[in-house]
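Structure incoming, see below.
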Amino acid sequence: MVKPVINFMENYAPTPNRIYDLYQYYMGGGSNQPGTGGQTAPVGMNQFISQGGGGGGNMMMGGLGSPQMIGNFNQAIAQRQNRLNNPGKIAQKLYDIGLPKQDSVQQMMARGLLGKKDQRMNMPLGLSGILASMMPDNYTDKMTLGDQILTQSYMGFTDPNTGMANKDPFGINVRSAMGNYSEYANKQVGKLGDMLSGRLADKYGATWDEELGAYTGKNAKKANDMTKMLREKYGFYGKVKNKKQDIASDLGLIQKAIEADKKAKHDAAVKNLKTANLGIQNAGNKAPGGGGGGGGGAAAAGMGGGSQQATSAGSTKSGRTDGGWGWAKGGIVELLK
């Protein structure tokens, strides 16, 4: 199934059916990466992979914010999520002996809105481990679960120009000790939106269309040609902003699904217990023939219980009325008191 491309400014609109869809997707172990053979994401949901856009202006191929850079970025973060979902044999052996493991976006989403956040990993001690535990880290110290999911969904790309890991296509740190990538993206959308719709629109005499992320009307071509880099950034960070909104909404829906599942299992257990108790009571209160009794030895004998005790004279008649089960006259109800 091919997921439709969603406009980066489109608002998220959950429906009741998505509760079931999301629960099956995340709790059912489906892959969240296209082309891996797993189940696809629910219809209408943004995949946790940024959709690259067009345009490059004067950017060189492979330069910051270029289509090639964004394409490489998308591929890198998708491959990272796939590795987290499907670790290789060597990596799995290391995890089995205690090496800390980062959960994938899918695994973190499955925790639901009230799920635990990522904590500092217990790395092997030593100078580096001690220093790491002392350093500030917004990811573990201050971020919400939604912010953590957003942040780590964009990790995995190394800037080829600097060799620095966990950068975005525009050279910004995705994972940093003091920053919050979600907050940065929100600020960029606001700042760039004001610039494109205000000063630059006036400068080029064109009309800014926020939904399209482009200029229309008179002088639109010149305005779009001269603002390609800015519009590229606006589109990219707009998707980051919308992704965070999707994550928050979906975590809430998944939480509802988790609670509904727990309630269903609890109700089923209560029903089974009542059925079991009813069966025991019926066994003790029904006589399999004659006498009109409410249990007693006839009922027990009919259940195939123990044999009647012989008398000292060798007779099988003992005068007992419990069918050999040793019940009091009150039947099984007395036994259960």
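The values are calculated or read from the model by the stated rules, or taken from the named source; none is laboratory data. Not measured: the values here are computed from a predicted model. Note: ideal-geometry Cβ built from the backbone for every residue, glycine included; neighbour counts use all protein chains shown. These accessible areas exclude ligands, DNA and RNA; they are computed on the full protein's heavy atoms, side chains included. Shrake-Rupley method; radii C 1.70, N 1.55, O 1.52, S 1.80 Å.
Tell me yes or no: at least one residue of region 167-182 is without any contact (Cβ under 8 Å) to a residue 12 or more places away in the chain and surrounded by 19 or more Cβ atoms within 10 Å (Cβ to Cβ).
Yes, because at least one residue in region 167-182 is without any contact (Cβ under 8 Å) to a residue 12 or more places away in the chain and surrounded by 19 or more Cβ atoms within 10 Å (Cβ to Cβ).
Yes or no: GLU210 farther than 30 Å from MET135 by Cβ, modelled with pLDDT under 95 and open to solvent by less than 30 Å² (accessible area, probe 1.4 Å)?
no
For (1) in contact with a helix residue (DSSP H, G or I) (Cβ under 9 Å, 6 or more places away or on another chain); (2) closer than 30 Å to TYR184 by Cα; (3) at pLDDT 90 or above; (4) open to solvent by less than 60 Å² (accessible area, probe 1.4 Å), each residue gets a yes or a no:
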residue: TYR215; (1), (2), (3), (4): yes, yes, yes, yes
residue: MET226; (1), (2), (3), (4): yes, yes, yes, no
residue: ASP261; (1), (2), (3), (4): yes, no, no, yes
residue: ASN272; (1), (2), (3), (4): no, no, no, no
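Examine region 102-117 for a residue that is closer than 17 Å to ILE247 by Cα, part of a loop (DSSP other than H, G, I, E, B), modelled with pLDDT of 85 or more and of a type in the set (S, T, N, Q), and state whether such a residue exists. Reasoning before the result, please.
Keep residues of region 102-117 that are closer than 17 Å to ILE247 by Cα, which gives 103-117.
Okay, now just the ones that are also part of a loop (DSSP other than H, G, I, E, B), so 103-104, 110-117.
Still in the list and also modelled with pLDDT of 85 or more: 103-104, 110-117.
Still in the running and of a type in the set (S, T, N, Q): 104.
Yes, because at least one residue in region 102-117 is closer than 17 Å to ILE247 by Cα, part of a loop (DSSP other than H, G, I, E, B), modelled with pLDDT of 85 or more and of a type in the set (S, T, N, Q).
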